[in-house]
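The values are calculated or read from the model by the stated rules, or taken from the named source; none is laboratory data. Computed from a predicted structure; not experimentally measured. No Cβ is skipped: glycine too gets one built from the backbone with ideal geometry, and neighbour counts run over all protein chains shown. These accessible areas exclude ligands, DNA and RNA; they are computed on the full protein's heavy atoms, side chains included. Shrake-Rupley method; radii C 1.70, N 1.55, O 1.52, S 1.80 Å.
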Amino acid sequence: MIEEKIFLEKLANHHNELRWLYMELYHNDSMFTELCDKMRQFYLDRNRNLKSSDQKRESDKEWYRRNDMLGMMFYIDNFAGNMKGVEDKLDYIEQCQVNYIHLLPFLDTPLDRSDGGYAVSDFRKVQERLGTMEDLENLTDACHKKGINVCMDFVMNHTSEDHEWAKKARQGDGEYMSRYFFFHNDYIPSLYEKTVPQVFPTTAPGNFTWLPDAGHFVMTSFYPYQWDLNYKNPRVFNEMMYNFLYLANRGIDIIRIDAVPYIWKELNTQCRNLPQVHMIVRMMRIISEIVCPGVLLLGEVVMEPEKVVPYFGTVEKPECHMLYNVTTMATTWHTVATRDVRLLKKQLDIVSSLPKEYVFLNYLRCHDDIGWGLDYGELSYEGMKERSHKQYLNNYFQGYEGGSNSRGELYNADPAMGDARFCGTTASMCGVEKAGFEQDSEAMERAVRMDVMLHAYMFMQSGIPVLYSGDEIGQINDYTYKDNPRKACDSRYIHRGALDWKLVGQIKDKTSVSGRIFKRLGQLEKIRKSEKVFVCHADTWTVETYDASVLCIGRYYEGEKMLGIFNFSEYDKTAWINENDGIYTDMISGKRMAASGVNIPAYGFFYLKRNGEIPDEKI
Ligand code: GLC
């Protein structure tokens, strides 16, 4: 009874806005009533531990914005075989100082048409080879006991063609056809194609797939076996919200809303970032605040900054809690290839100027390709043109140009547009693979330095850092995907290799590459966790260094100040900064030094902390 009352109070707090949004989109009273009834049921079903964690988090809204958050993402099978395996390896996760794991897609999917698990055939079933829903609950529970948060993907834009709705739709059941976009001839699809860009121009061209057995076209923005859901149908919205709440109740802390910009389609538009998408995300936020307020929404918006930021919503009407810092990630690799920090500095200044409530996830790479979404307007002032610059970046990272030591492969190369994205692990892109192959110890030292410097720089950014599993030990590209016909045409598998536990076994060996990288990243993580200047809402800014290859980032919080200086070139440099507000200590070596005219070796970095606290008014 008390639970019931609490639910009604929570609902009452948000009811008007939720109802208004729902009616704007669906004009359907009875479906709204059904939604509220189901929310009540999911609230009552939510277990006591999760509810008490919700309560704690509600009274401590900063809980995920502190400096102790460090994420790691991995595929369950690649990391430890199955869910139970992950549970057995939680000690290693702790050793990595990671307290948030993103389990890449693990729900049921046809193995031969899975898009890395992003084609879900059952939102309530775990892939058999990975375990069961019960294993998932045990895993989330075991993680929570160790203070580890669990993130999973919620692939809401589409289902697999093997989902039961899709099967019924394929058989011509109108009720289910209306949950997707079906067309009996190519007239409307051809109108869409006039304005809708392609996600996979080479591996899955076009946005529609002809189904000969059904005699219809179906909308497939991604692979032909991923059918776009029609969110104009309130049944789709409601059922997907029930799936979301079902998964949240299994103990998931962070829901990554996959491909969120795509979820609403309108003819004569690009079918991306439409206003209705924001209404849906806002409703999801409200629903989660009512039923499972401890759960965070992480939006996957791989778009230019003006399109990304609106997914935070406003301070009064928030949408996602966290978003990927995708432009900064791509700009980082541009900086590596050009040894020119100007564009990156500008990008970091844009991020620093945003409200501090916005939390970005920072990363060097993820399970997806790196798309060259840079600010070409800005680059054109330096004489760089989009097409030729993309060509340069792709050549550079394949190791063909610009004194590069990188290794990796193109993704979705589109010769007509002169476009391609890039795939590779951080270590391979830094030269670890090439140096290892050539057994060149000097080159290896340089590669390790670059790898560690990039992590040190990433940790300095405003937000939460996330590692891709394997990067903590400098794991290189995995070419075995080419032997697997199910994977061979998707080069993203090159950087999704299985974690090499033999290398993990060497992390204590300071002479090994994995040992060197693991130890140095561990040191950085420790610093990040113990220094309060790393909280998400610290001030961050960039400092002019008067050297095009050297980046300097400042952080300030409650009297404490830190400077991170990073050399993106293969030459020793001097950072011509002049911060004469005290003596600094290099947090890596412990040496005291002045923060002016700092000599910085090739691919080196400094973490300088100002000694002592200086009262705010003197700064
Ligand atoms: C997201 C995923 C990507 C997948 C796509 C389609 O972008 O990160 O791996 O291919 O969505 O679901």
**OP:** Restrict the check to the range 347-359 and report whether at least one residue is buried (at least 18 other Cβ atoms within 10 Å of the Cβ), within 26 Å of A435 (Cβ to Cβ), more than 16 Å from the ligand (Cβ to nearest atom) and not assigned by TED's automatic domain parsing to the domain that holds D60.
**Re:** no
**OP:** Go through (1) more than 25 Å from H15 (Cβ to Cβ); (2) more than 16 Å from the ligand (Cβ to nearest atom) one by one and return the number of the condition F237 breaks.
**Re:** (1)
**OP:** For the range 79-192, please list each of the strands (runs of 3 or more DSSP E) lying entirely inside it that holds at least 3 residues being surrounded by 17 or more Cβ atoms within 10 Å (Cβ to Cβ) and within 16 Å of the ligand (Cβ to nearest atom).
**Re:** 149-154, 158-160
Original post:
Is one or more of the residues making up the range 286-296 more than 22 Å from D60 (Cβ to Cβ) and open to solvent by 10 Å² or more (accessible area, probe 1.4 Å)?
Top reply: no
**OP:** Return the pairs, sorted by first residue and then second, in which the second residue is more than 16 Å from the ligand (Cβ to nearest atom) and in a helix (DSSP H, G or I), the first residue lies in the range 142-158 and is within 16 Å of K84 (Cα to Cα) and of a type in the set (K, R), the beta carbons are less than 6 Å apart, and the residues are 6+ apart or on different chains.
**Re:** K146/L90
**OP:** Tell me which residues, restricted to the range 250-261, are open to solvent by less than 10 Å² (accessible area, probe 1.4 Å) and away from the ligand (no atom under 16 Å from the Cβ).
**Re:** G251, I252, D253
**OP:** Select from the range 33-46 the residues that are among the hydroxyl-bearing types (S, T, Y) and either assigned by TED's automatic domain parsing to the domain that holds E357 or open to solvent by less than 40 Å² (accessible area, probe 1.4 Å) (or both) and list them in ascending order.
**Re:** Y43
Subject >> Filter result for Y311 (open to solvent by 20 Å² or more (accessible area, probe 1.4 Å) and either of a type in the set (S, T, Y) or not assigned by TED's automatic domain parsing to the domain that holds P465 (or both)) >> reply: no
Original post:
In the range 360-391, which residues are in contact with a Gly (Cβ under 9 Å, 6 or more places away or on another chain) and buried (at least 20 other Cβ atoms within 10 Å of the Cβ)?
Top reply: F360, L361, N362, Y363, R365, H367, I370, K390
Original post:
Within the range 206-232, which residues are away from the ligand (no atom under 15 Å from the Cβ) and in a loop (DSSP other than H, G, I, E, B)?
Top reply: G206, P212, D213, A214, G215, N230, Y231, K232
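Every residue, every condition in (1) open to solvent by less than 10 Å² (accessible area, probe 1.4 Å); (2) farther than 23 Å from M283 by Cβ; (3) of a type outside the set (S, T, Y); (4) outside the structural domain of T203 (by TED's automatic domain parsing), yes or no:
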site	(1), (2), (3), (4)
E24	no, no, yes, yes
R48	no, yes, yes, yes
K51	no, no, yes, yes
K56	no, yes, yes, yes
M73	yes, yes, yes, yes
Original post:
Name the residues in the range 575-596 that are farther than 15 Å from I553 by Cα and either assigned to a strand (DSSP E or B) or acidic (D, E) (or both), would you?
Top reply: N580, D581, G582, I583, T585, R592, M593, A594
**OP:** For the range 480-491, name all the residues that are in contact with an Asp or Glu (Cβ under 9 Å, 6 or more places away or on another chain) and outside any loop (DSSP other than H, G, I, E, B).
**Re:** Y481, S491
Original post:
Is there any pair with a first residue in the range 203-225 that is modelled with pLDDT of 95 or more and a second that is basic (K, R) and open to solvent by less than 30 Å² (accessible area, probe 1.4 Å) whose Cβ atoms are under 9 Å apart and which are 6 or more apart or on different chains, and what are they?
Top reply: M219/K265; S221/K265
Original post:
If you scan the range 597-613, which residues turn out to be in a strand (DSSP E or B) and either in contact with a helix residue (DSSP H, G or I) (Cβ under 9 Å, 6 or more places away or on another chain) or open to solvent by 20 Å² or more (accessible area, probe 1.4 Å) (or both)?
Top reply: G597, N599, F605, F606, Y607, K609
Original post:
Inside the range 410-424, can you point out the residues that are farther than 14 Å from R365 by Cα, assigned to a strand (DSSP E or B) and open to solvent by 30 Å² or more (accessible area, probe 1.4 Å)?
Top reply: L410, A413, D414, D419
